[in-house]
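Each remark here refers to the structure printed beneath this line.
Here, each number is a calculation from the coordinates, and none is a lab measurement. Just so it is clear, the model here is predicted, and its values are computed rather than measured. In this analysis, Cβ positions are derived from the backbone assuming ideal geometry, glycine residues included, and neighbour counts consider all displayed protein chains.
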Amino acid sequence: MGIGMLIIFIAVIVVSAVAAAVLIGSGGSLEQRSVSTMKGTEQEIASGLNIYSIIGSDGSDDGKVEQLEMLVRLKPGSDPVNLNTTVITIDGRTSFQNLRYDESGGSGSGYYGVYYLRRGGSALTGYINLGDSAVINISLSTAIGPDEKLVIQIIPSQGSVRRIGFTTPNVLIDRRVFLFP
């Protein structure tokens, strides 16, 4: 009876050791997945652009906004934003536009241009980097009249979507008007 008990005791210890190894391996795997998920979530929340101002311009004397200029910077802690994969949408009462980046800096139909007021330490063409202050130029396909609601979204391929909604002033008498903030 002494040897039988010893064999059962050893078997219980071996089974316990195998179960502990499986639990430790599963715990390590879960930790790696949770860290990966946390980093992805952090990047989605912290990455993207902040819009500091939106100015509307009237190229003619018809009292309608025909161009927009948005002053943007990276959110603190954000990775650089690739403009080639960033889409801007403009939704108004009478029109909707999807815009892509034009590297030449122009802002024709279906495109937006960017010029830099200040470049940060690591200037890359087609990116907004840490320390950059940039102006996004947009030529509207349909002019915006007085008292019209607009929603603008900046949708980077990676990072959070920036959505701004505002209403144009009741009367547009100046060639340039602040629309946001």
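Summary table below
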item	result
Net charge contributed by nearby residues that have their C-beta within less than 15 Å of residue 90 (K/R +1, D/E -1)	+2
About the Cα centre, charge dipole magnitude for segment 49-180 (Lys/Arg +1, Asp/Glu -1 at Cβ), debye	420
Residue 118-residue 149 FRET efficiency (beta carbon distance; Förster radius 30 Å; 0.05 resolution)	0.40
Cα centroid separation - segment 108-122 against segment 13-27, whole Å	56
FRET efficiency estimate (nearest 0.05) - Cβ-Cβ, residue 35 to residue 11, R0 41 angstrom	0.65
Additional length obtainable on full extension of the chain from residue 26 to residue 158, 0.36 nm per residue less Cα span	44.5 nm
Convex hull volume per residue for the chain, taking Cα atoms only, in Å³	163
Sites residue 167 and residue 82 - FRET efficiency at Förster radius 22 Å, r taken between beta-carbons, to 0.05	0.10
